């Protein structure tokens, strides 16, 4: 615990003792950067490890961000309002004369601001730690990016109660029991997938008997928390630049920088089997790692949106409460849909388990484990995955006429691979273009397991 308290306090000491006389990493009121000059930096840290300014994140879409200067891809570690990038024309960031750091879009609307108003003498600076800070004329700290992270935690940046790392539908946060958790919070369901919900806090090697919620990645590659979490990077030790990032694929990783070529290596990850991350293949979808992550639809289902697996699969039949003899089961070996159990029974036969599902209108299928006789009937199908390590099989419930149409029903053979890490920019570009089109139309109408 002494180690943890020491590293949590250090960022505050850094903020209070740093000089801010250099024009390279500190700016005063009236300073601004236009999007047309996005190849210039707004600020650079004194050690040149971090830069701040505009980064292109999609077609005609830019974010005001902080990034590692000396990496191949200028890796972003923080962004202002990351879900709503600004236009590539007419946008601007400015520390105005009221002392408020403001990001404006093409039409002058405020996209994001620091909500500070200390007037003349206010400065904005980028520290060696990667922390963007705003101070008043007396040097008092008014705002810092370390208190509002996006998807990344930098060394010495504390993660505390009420602060989350967020990427798409995924987040890392302290739950009400003071334990760090990874959660999928999608449009239809939300579910926790790390640490494994199959075990208690103590079985996962943690304790919730603590009165604080603090976690930090220190300078030697240790990720520590107040509830007993103690993780270290595989290359732990001083002198290596690292970051802790929740990816768009829902996994939490420590990355270490290879300074010789500017690339990152994964030195720790929370989820070893990617299909244990919830929501990757959407409702009714099945995840499989072959060894890259792939999604498929079960028999009787097809992909809802050919361009987006997050929307999952939809049934090629109308679900209705007909007589039990009108349904049959198709076996999907070593497959399960985690959670959303209707019933749970032990030491029963497969036929008895099937009968429970047939007698229940809302039952979509069942998971059965031979030997133990565990029977789990399912209402809705989320978090589907197939793994040679799973000690059971899934039996999907289908109308007989669907089964008879295809003599050899199997999972959709045209499995699509998910390209991890690239979806965010595509999503931002689509969202941004749609948002701009919508504004244009409105204007015209107005004229309108660890």
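The values are calculated or read from the model by the stated rules, or taken from the named source; none is laboratory data. Since the structure is predicted, the reported quantities are computational estimates derived from the model, not experimental observations. FYI the Cβ positions are ideal-geometry reconstructions off the backbone, even for glycines, and counts take in every protein chain you see.
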Original post:
Taking the stretch 221-239, which residues are assigned to a loop (DSSP other than H, G, I, E, B), modelled with pLDDT of 95 or more and buried (at least 18 other Cβ atoms within 10 Å of the Cβ)?
Top reply: 221, 233
Subject >> Condition broken by residue 191, with the remaining ones in (1) assigned to a loop (DSSP other than H, G, I, E, B); (2) under 22 Å from residue 213 (Cα atoms); (3) in contact with a strand residue (DSSP E or B) (Cβ under 7 Å, 6 or more places away or on another chain) satisfied >> reply: (1)
Original post:
Can you spot a residue in the stretch 134-142 that is closer than 15 Å to residue 33 by Cβ, outside the structural domain of residue 263 (by TED's automatic domain parsing) and not in a loop (DSSP other than H, G, I, E, B)?
Top reply: no
Original post:
Assuming residue 60 fulfils every condition listed in (1) at pLDDT 75 or above; (2) more than 29 Å from the chain's Cα centre (by Cα) apart from one, which condition is it?
Top reply: (2)
Original post:
For residue 363, all conditions in the list (1) surrounded by fewer than 15 Cβ atoms within 10 Å (Cβ to Cβ); (2) in contact with a helix residue (DSSP H, G or I) (Cβ under 8 Å, 6 or more places away or on another chain); (3) under 23 Å from residue 198 (Cβ atoms) hold save one; what is the number of the exception?
Top reply: (1)
**OP:** May I ask you to list the residues in the stretch 322-339 that are modelled with pLDDT under 95 and closer than 21 Å to residue 399 by Cβ?
**Re:** 322, 323, 324, 325, 326, 327, 328
Subject >> Qualifying positions in the stretch 95-133 - over 16 Å from residue 42 (Cβ atoms) and not in a loop (DSSP other than H, G, I, E, B) >> reply: 110
**OP:** Quick one: count up the residues across the stretch 329-354 that are in contact with a strand residue (DSSP E or B) (Cβ under 6 Å, 6 or more places away or on another chain) and either loosely packed, with under 12 Cβ neighbours inside 10 Å or farther than 30 Å from residue 192 by Cα (or both).
**Re:** 3
**OP:** Could you please find all residues in the stretch 143-167 being within 21 Å of residue 271 (Cα to Cα) and either at pLDDT below 95 or not in a loop (DSSP other than H, G, I, E, B) (or both)?
**Re:** 152, 153, 159, 165, 166, 167
